[in-house]
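Notes follow once the structure below has been shown.
The values are calculated or read from the model by the stated rules, or taken from the named source; none is laboratory data. Not measured: the values here are computed from a predicted model. Cβ sites come from the backbone with ideal geometry, for glycine too, and all protein chains shown count toward neighbours.
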Amino acid sequence: MKSTLLYGLMLSSVIGASSAFAQLQPAELQSVLPASTHQQLSQAQAKEAILKMAGEYKVNFRFEELYSLKPGYEIKKNDLSSGHETVIVLENTPSRISLQHILVDEGHVVKHWRQDWEFEPKKMWSYAGNYEWRSIALTPEQSKGKWLQTVWQIDDSPRYAGLGEWSTDNGVTAWTSAETYRPLPRREHTTRDDYDVIIGVNRHVLSANGWVHEQDNVKFDTRSKTTLARELGVNQYSQIKGYDFKPAYDYWSKNKNYWQAVKASWQKAFDQNTSVALKYAEDGEKAHYSYFNDQAKQNVGKNLKAEELQVQTNQLLNQQLVKGKLN
């Protein structure tokens with residue numbers, strides 16, 4: 001009886017509070033709720049925020065399918081991993097910044113993804129499906145005050161691009177993209193064939209001890225026009241001291257000229273074409289990034305001239321392209 005009475009008093013209290021709150025007019029609500037502090041960052045402030053992503057980090061990668069959107073589809077297990085990455089500034093101008101990620105695992109080095117940022121761009125390379133990317137023109141109205149983030153794969157081939165605004169909102173400094181399309185992620189390339197596109201919104205947030213890459217993803221199969229599941233990705237980059245990143249810096253010192261040539265080859269392909277497409281490795285086939293990593297290893301210590309490296313990377317890129325070959 002006592003517990004029933006207590007429940008009744010609690011319920012009456014909640015209902016009464018809800019009723020009183022519901023009677024508040026919009027002007028009164030504004031006095032109850034905290035005022036929004038949303039503010040778009042200036043170009044200089046946004047550049048400073050982007051550069052804060054450079055540094056040495058312990059990284060925790062987490063991808064979780066939240067719920068099914070297709071009858072009969074079973075949610076997959078969470079994809080959890082971790083590692084150590086250094087993020088190096090390759091380019092730093094008022095309107096362009098380039099950050100190269102290099103992963104280190106017990107002395108083993110992987111040239112990881114690269115993120116390029118451009119202020120008020122005039123075009124972007126967007127994923128179009130079937131392992132093809134197309135050049136999309138942007139109007140001044142579309143790009144005004146916004147930053148384009150282009151993400152490149154481990155061999156400097158394109159992956160996805162998103163246009164968004166850097167802002168501070170209630171104390172949170174973040175960049176949020178418009179909806180982006182991207183191919184099947186490398187983490188599922190060899191284990192999944194039931195979808196081929198991720199449709200997602202990306203958010204880069206500065207945290208107390210580093211930064212976070214949030215992804216709100218939908219897994220979509222373009223062949224059957226079917227949405228499988230919604231996925232949340234949270235990759236946390238936490239600053240770390242005392243970890244040995246020397247293998248990463250040694251790798252970059254030995255290989256940066258080669259990867260500069262690869263980037264130049266891609267730029268030539270972009271300058272000459274409005275769309276490009278790569279070979280897609282099926283089960284058991286060697287992926288395009290493996291060919292470039294092999295070529296990089298073959299050139300270590302040879303001290304080749306930039307022109308000689310360029311010939312090699314141009315030839316290899318043409319071998320991997322099925323559309324948009326270099327002239």
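Data for the structure
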{"quantity": "Breaking point among (1) in a helix (DSSP H, G or I); (2) within 26 Å of Leu99 (Cβ to Cβ), for Val276", "calculated": "(1)"}
{"quantity": "Boolean, Gln236 is touching a residue at least 12 places away in the same chain (Cβ under 8 Å), in a helix (DSSP H, G or I) and surrounded by 11 or more Cβ atoms within 10 Å (Cβ to Cβ)", "calculated": "no"}
{"quantity": "Residue match in the stretch 147-156 (condition: surrounded by fewer than 16 Cβ atoms within 10 Å (Cβ to Cβ), among the hydroxyl-bearing types (Ser, Thr, Tyr) and either within 21 Å of Val262 (Cα to Cα) or touching a strand residue (DSSP E or B) at 6+ places or on another chain (Cβ under 7 Å) (or both))", "calculated": "no"}
{"quantity": "For Leu206: the one exception among (1) closer than 21 Å to Trp125 by Cβ; (2) within 17 Å of the chain's Cα centre (by Cα); (3) touching a residue at least 24 places away in the same chain (Cβ under 8 Å); (4) surrounded by fewer than 21 Cβ atoms within 10 Å (Cβ to Cβ)", "calculated": "(1)"}
{"quantity": "Residue list for the stretch 269-327, filter: within 26 Å of Val109 (Cβ to Cβ) and among the basic types (Lys, Arg)", "calculated": "Lys279, Lys286, Lys297, Lys302, Lys305"}
{"quantity": "Residue within the stretch 308-318 that is more than 20 Å from Trp113 (Cβ to Cβ) and either assigned by TED's automatic domain parsing to the domain that holds Gln215 or of a type in the set (Gly, Ala, Ser) (or both) present", "calculated": "no"}
{"quantity": "Only one of His38, His108 that is over 17 Å from the mean Cα position of the chain (by Cα), surrounded by fewer than 19 Cβ atoms within 10 Å (Cβ to Cβ) and closer than 19 Å to Lys254 by Cβ", "calculated": "His108"}
{"quantity": "Qualifying position, being farther than 22 Å from Lys297 by Cβ and touching a Phe, Trp or Tyr at 6+ places or on another chain (Cβ under 8 Å), among Ser238, Ser224", "calculated": "Ser238"}
{"quantity": "Matching entry among Lys123, Lys58 (being under 20 Å from Asn209 (Cβ atoms) and basic (Lys, Arg))", "calculated": "Lys58"}
{"quantity": "Matching residues, the stretch 111-131, being surrounded by fewer than 16 Cβ atoms within 10 Å (Cβ to Cβ) and outside any strand (DSSP E or B)", "calculated": "Lys122, Asn130"}
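A quick yes/no check of all residues on (1) assigned by TED's automatic domain parsing to the domain that holds Glu165; (2) touching a residue at least 60 places away in the same chain (Cβ under 8 Å); (3) part of a strand (DSSP E or B):
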| site | (1), (2), (3) |
| --- | --- |
| Asn60 | yes, yes, yes |
| Glu64 | yes, yes, yes |
| Lys70 | yes, yes, no |
| Glu74 | yes, no, no |
| Glu85 | yes, yes, yes |
| Val104 | yes, yes, yes |
| Arg134 | yes, yes, yes |
